[in-house]
Ligand code: UDP
């Protein structure tokens with residue numbers, strides 16, 4: 001039986017990866033320090049013999065006994081509001097955390113895949129974004145702690161590959177959605193659905209002309225697994241190229257939830273990318289992967305998940321301090 005270590009196991013993406021590798025017959029070691037992850041995303045796995053959970057911060061030395069075949073480094077805060085709240089941890093997990101994971105992979109002879117992000121492209125001047133675009137990132141803006149940590153993460157991963165011959169994979173993950181997103185992480189989809197369910201107006205930042213391209217979680221997981229199993233060590237975009245403006249997205253959510261909410265406009269946060277769409281030619285050619293889930297189906301499934309949350313969860317709207325994030 002092969003063993004995989006998944007960091008960020010209690011998070012949105014990490015918990016779905018745990019499910020997938022358990023289904024595929026692996027022994028899964030999940031690791032998380034539970035700052036942004038939640039145990040209820042993985043508690044259904046606790047009774048399984050093939051699943052182990054370590055409550056550990058990967059920015060500190062990682063000890064795992066026995067052999068490891070794969071490491072998937074998915075630990076990181078991943079929403080602009082989270083980076084604002086915990087900027088130092090965001091930098092540490094993307095630098096010290098990945099260094100520990102790479103060292104562990106080297107010691108165990110494991111193949112490692114790291115979760116990078118479309119944020120390495122910053123506010124892109126090339127559209128759609130291809131992997132050979134180097135990006136337009138403000139290192140000292142509110143997103144800098146995430147963007148630069150992820151850029152460093154890619155650099156050190158390539159260095160381990162080139163210098164130590166480590167088997168490495170780099171996934172540049174674009175906006176992803178689905179069940180287990182945190183309702184109050186500030187991201188647009190849980191924000192809009194939470195607002196609709198609570199009967200509040202939907203908050204559009206800026207004029208809503210900025211675009212994003214949303215990939216359903218099942219497609220994303222399939223793409224990650226294909227990349228891990230490939231022999232390709234350069235970065236690969238994984239995302240859904242179906243692009244939509246935030247204004248139109250708000251309309252889709254209002255239609256989906258059947259509510260008659262209005263939209264209200266707030267200031268656009270600093271360095272908020274104006275456009276984002278992955279060019280997935282590489283993933284199609286190299287991995288033979290393409291997203292299959294249409295947004296209307298993915299949104300239905302996601303909405304059902306949020307509808308089933310308890311009243312307490314729905315009203316747990318601890319909003320972080322937006323002040324530094326929003327342009328005055
Ligand atoms: N956004 C919005 N209203 C919200 C939350 C987000 O209009 O209540 C906008 C945000 O400014 C950005 C887009 O939606 O332009 C996507 O934001 P998200 O935080 O989901 O992800 P990211 O900006 O990292 O793609």
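In table form, for the structure just shown:
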item	result
Those residues of the range 123-154 which are within 21 Å of residue 283 (Cβ to Cβ), within 14 Å of the ligand (Cβ to nearest atom) and not in a loop (DSSP other than H, G, I, E, B), in sequence order	129, 150
Count - residues of the range 155-174 that are out of contact with any helix residue (DSSP H, G or I) (no Cβ under 7 Å at 6 or more places or on another chain) and part of a loop (DSSP other than H, G, I, E, B)	2
Test for residue 235: is it touching a helix residue (DSSP H, G or I) at 6+ places or on another chain (Cβ under 7 Å) and within 10 Å of the ligand (Cβ to nearest atom)	no
Number of the condition not met by residue 197 [criteria: (1) in contact with a helix residue (DSSP H, G or I) (Cβ under 7 Å, 6 or more places away or on another chain); (2) within 12 Å of the ligand (Cβ to nearest atom); (3) part of a helix (DSSP H, G or I); (4) over 29 Å from residue 72 (Cβ atoms)]	(2)
Lone qualifier among 168, 176, 203, 157 - being within 24 Å of residue 72 (Cα to Cα) and within 15 Å of the ligand (Cβ to nearest atom)	176
Residue match in the range 44-52 (condition: crowded, with 16+ Cβ neighbours inside 10 Å, out of contact with any strand residue (DSSP E or B) (no Cβ under 9 Å at 6 or more places or on another chain) and either touching a residue at least 40 places away in the same chain (Cβ under 8 Å) or assigned to a helix (DSSP H, G or I) (or both))	no
Qualifying residue in the range 215-223 (condition: modelled with pLDDT of 95 or more, within 11 Å of the ligand (Cβ to nearest atom) and either in contact with a helix residue (DSSP H, G or I) (Cβ under 9 Å, 6 or more places away or on another chain) or assigned to a helix (DSSP H, G or I) (or both))	no
Test: residue 81 is within 16 Å of the ligand (Cβ to nearest atom), surrounded by fewer than 24 Cβ atoms within 10 Å (Cβ to Cβ) and assigned to a helix (DSSP H, G or I)	yes
Matching residues, the range 255-286, being within 24 Å of residue 234 (Cβ to Cβ) and away from the ligand (no atom under 11 Å from the Cβ)	277, 278, 279, 280, 281, 282, 283, 284, 285, 286
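The values are calculated or read from the model by the stated rules, or taken from the named source; none is laboratory data. Everything quoted here is computed from the prediction, not taken from an experiment. Note that we place each Cβ from the backbone using ideal geometry, even for glycine, and neighbour counts take in every protein chain shown.
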